[in-house]
Structures are given as C-alpha cells and as structure tokens.
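The values are calculated or read from the model by the stated rules, or taken from the named source; none is laboratory data. If you're wondering where the values come from, they're calculated on a predicted model, not measured in any experiment. Cβ atoms come from the backbone with ideal geometry, glycine included; neighbour counts cover every protein chain shown. Surface accessibility is based on the protein's heavy atoms, side chains included, excluding ligands, DNA and RNA. Shrake-Rupley method; radii C 1.70, N 1.55, O 1.52, S 1.80 Å.
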Amino acid sequence: MALWDRIKESASTMQTQLTAKKHELKSGAFRDASMAICALVAAADGTIDPAERRRVAELIAGNEVLQNFPADELRRRFDAGLDKLTADFDFGKVSLLQEIAKAKKKPAEARAVVQIGIVIGGADGDFDKTEQAVVREACYVLGLPPHEFDL
C-alpha cells in the first residue's frame, strides 16, 4: 500500500473512532486540548501559512466530534493558539502543550486529542515528519505511548 493511501486510511480510521465516542467528548478540557493540538499541527513546520490556517479551520468546523462545541468558540481558541505561536513559537508551544496536558485525566479524551491531531495532520494526505513530531510530543504530555498511534 502506498504511503499516501496509508495516511488517508489512518486518518479515516481515527475519525471513525472519534465519531463513535462523540457523546463522551464534551468537556472544556477536551475542547481546549483539541484546539491546542490543531494549532500545533497547523504550525508544526514553524510557519503559519494563511492557506493552511484556513484549511485547518475548515476541518475543525466540519469535524463531527468537534460539532459538540460552538464553532465561534472553537475558532477563537484555535486563533488564540496560533497567535501564541506567532508571538513566540517556543513559548507558545509550551503553553499549548500545557493545554493539551489538561486532557490527561480522562484517557478517552486524551486519546481523542491525539486522534484529532492525526486527522488534522493527515487530512491533506501528507502527515509529514514535523506534524508527526508535534503529535508525538502530545502523546508524551498525555502519558500515552506514541507507538499506539503508529508514531
């Protein structure tokens, strides 16, 4: 199977698993951690391209699980995360990883945050090394083994 196909299949599998748990994923910690990982994935290469920002925002708005939350609230939190990364990438990254860590208390939410990172990263068919590294860091912060997610 080609790498492209494996990435698409993995993202699709993660989305299916997320959708199955949609009704469990309604906490503020999950919402905040999800937007933090989306911002980190969008800026994984150290830059925040306007086209990628729009693409990730569209993916967030269209994600069935994230529809548990008001779209304007998600947008505000995603943009705030990107603003932190723009102001000071390293400090912003630390701050966003701290947001992600708040989901650690509930294992289902922690796994879902990682899955959202993979879905967002793989949505364009290119879950590149920098995006994988960011999601791997999130795994460590959440106390999850990266190999569980093929990272």
Original post:
surrounded by fewer than 20 Cβ atoms within 10 Å (Cβ to Cβ), free of Cβ contacts under 8 Å to residues at least 40 places away in the same chain and under 22 Å from A57 (Cβ atoms): does that describe D90?
Top reply: no
Residues of the range 37-80 being without any contact (Cβ under 8 Å) to a residue 40 or more places away in the chain, among the charged types (D, E, K, R) and either in a helix (DSSP H, G or I) or under 21 Å from V114 (Cβ atoms) (or both), in sequence order, are E52, R53, R54, E58, D72, R75, R76, D79
The number of residues in the range 93-142 that are open to solvent by 20 Å² or more (accessible area, probe 1.4 Å), part of a loop (DSSP other than H, G, I, E, B) and of a type in the set (G, A, S) is 1
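Out of F149, F89, report the one residue that is more than 14 Å from the chain's Cα centre (by Cα) and hydrophobic (A, V, I, L, M, F, W, C).
Answer to the check: F89.
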Scanning the range 93-110 residue by residue, those without any contact (Cβ under 8 Å) to a residue 60 or more places away in the chain, of a type in the set (K, R) and closer than 22 Å to K26 by Cα turn out to be K104
Exactly one of A51, A2, A71 is open to solvent by 10 Å² or more (accessible area, probe 1.4 Å) and modelled with pLDDT under 80, and that one is A2
Residue hits (the range 7-36; modelled with pLDDT of 80 or more, surrounded by 14 or more Cβ atoms within 10 Å (Cβ to Cβ) and assigned to a helix (DSSP H, G or I)) are A29, F30, R31, D32, A33, S34, M35, A36
